[in-house]
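Structure record follows, encoded as structure tokens.
Only the coordinates and a few stated rules stand behind these numbers; no lab work does. Only a predicted model underlies this, so the values are computations on that prediction, with no experimental measurement involved. Note: ideal-geometry Cβ built from the backbone for every residue, glycine included; neighbour counts use all protein chains shown.
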Amino acid sequence: MLELWGIGDLALAVPFLRAAALHARVTLVGQPHAAPLLARFAPSVEFIPLVVPWTRFRGKYRLHRWPWRELWQATRALRQRRFDCGTSARPDPRDHLLLALGAVKRRVGFSRAGSGVLLQTSVPRPARPHRAAHWAALASVFGWECPPLQVRDPGRAGKHVVIHPGAAQSVRRWPRARFEVLADRLRSAGWRVTMLAEETTDLEQLLDTLASATRFIGNDSGPGHLAALLDVPTFTIFGPQLPELFAPTHPTAAWIEGAPCPHKPCFDRCRFAEPHCLLQNEVDAVWSRVAAWLPAPAAR
């Protein structure tokens, strides 16, 4: 299967990976950061690291700069493996072309812009647009279920909030100074707070820290999805993206949506000098939502 994008995207794919591994030998083709996630959540899944140019945030359509030699070598490696089936949860013709060039026998996915000609099985898009729903729809094609992970003791108590103020793109980063105000209010309410560095590079250490938390607060970014995967309730501060597309999937996940904008969802570029949709979420408004989301005694 293909999941060539970010950490959060891969976290949403883990339930599908685990379900598939119960029925078949599974290989994931993805970015190098997938390795520690697979080691922890799906150790039987084989991994082929691959970075493709269409996942870049900038310059992805400058075809003259694409690493064509490396892409050709990657498709040759896939052909040599003689995969019986391949899939991607993204309605992305580039993913479908990669599967076709890799000579995958049965290609299953969501067609777009005519890419159905590259697929043996075109799956109808789910009514719910969330990426997790796409993986669940693919699983149903094979007769599998994707139950959520239960990795924590449901009765475990604690008052430890982990805050991650970073995000890969600036339009998704609520100002750190505002997170600091939230942290002070949480401490005043009796919570222990761990504020992570904005640029966290040690993924194994990040997973360990998130696993120690009883609550997580952060931007629309990968760590929130990792926290949900670890069964930690999450609160997300959204800006240009829509929660119905990418909110963490924990059953008690909460969020505050970005202010209205006619261009939403605009993903990782803003037409204005700064992302007003994100910055108009003031501290008091966010704290009001956070306090309501916290367990009742702590919120009081």
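General remarks:
- Set of lysines near Lys264 by C-alpha distance (under 25 Å), chain-local residues within fewer than 8 positions excluded: Lys60
- Additional length obtainable on full extension of the chain from Arg82 to Phe142, 0.36 nm per residue less Cα span: 19.7 nm
- Which of Met195, Met1 has the fewest Cβ neighbours within 10 Å, and the rest in rising order: Met195, Met1
- Bridge type composition, the range 2-141 - antiparallel percent by DSSP, nearest 5: 0 percent
- Chain lengthening between Leu97 and Ala21 when straightened (0.36 nm per residue, less Cα-Cα): 24.9 nm
- With neighbour counts taken as other beta-carbon atoms within 10 Å, the residues Ser115, Ser140 rank, fewest first, as Ser140, Ser115.
- In terms of other Cβ atoms within 10 Å, Asp268, Asp231, Asp220, Asp9 run from fewest to most in the order Asp268, Asp231, Asp9, Asp220.
- Helical contribution to [θ] at 222 nm, DSSP H n ≥ 4, -39,500 (n - 2.57), averaged over the chain, rounded to 500: -10500 deg cm²/dmol
- Note on Ala285 and His33: the extension gain reaches 87.3 nm, defined as 0.36 nm multiplied by sequence separation minus the Cα-Cα distance.
- Surrounding net charge for Ala89, when Lys and Arg each add one and Asp and Glu each subtract one, Cβ distance under 14 Å: +3
- If you run the Gaussian network model on the chain, springs between alpha carbon atoms under 10 Å, then out of Gln169, Gln80, Gln31 the most flexible one is Gln80.
- Net +/- balance of residues flanking Trp135 in space, Cβ distance below 13 Å, scoring K and R +1, D and E -1: +2
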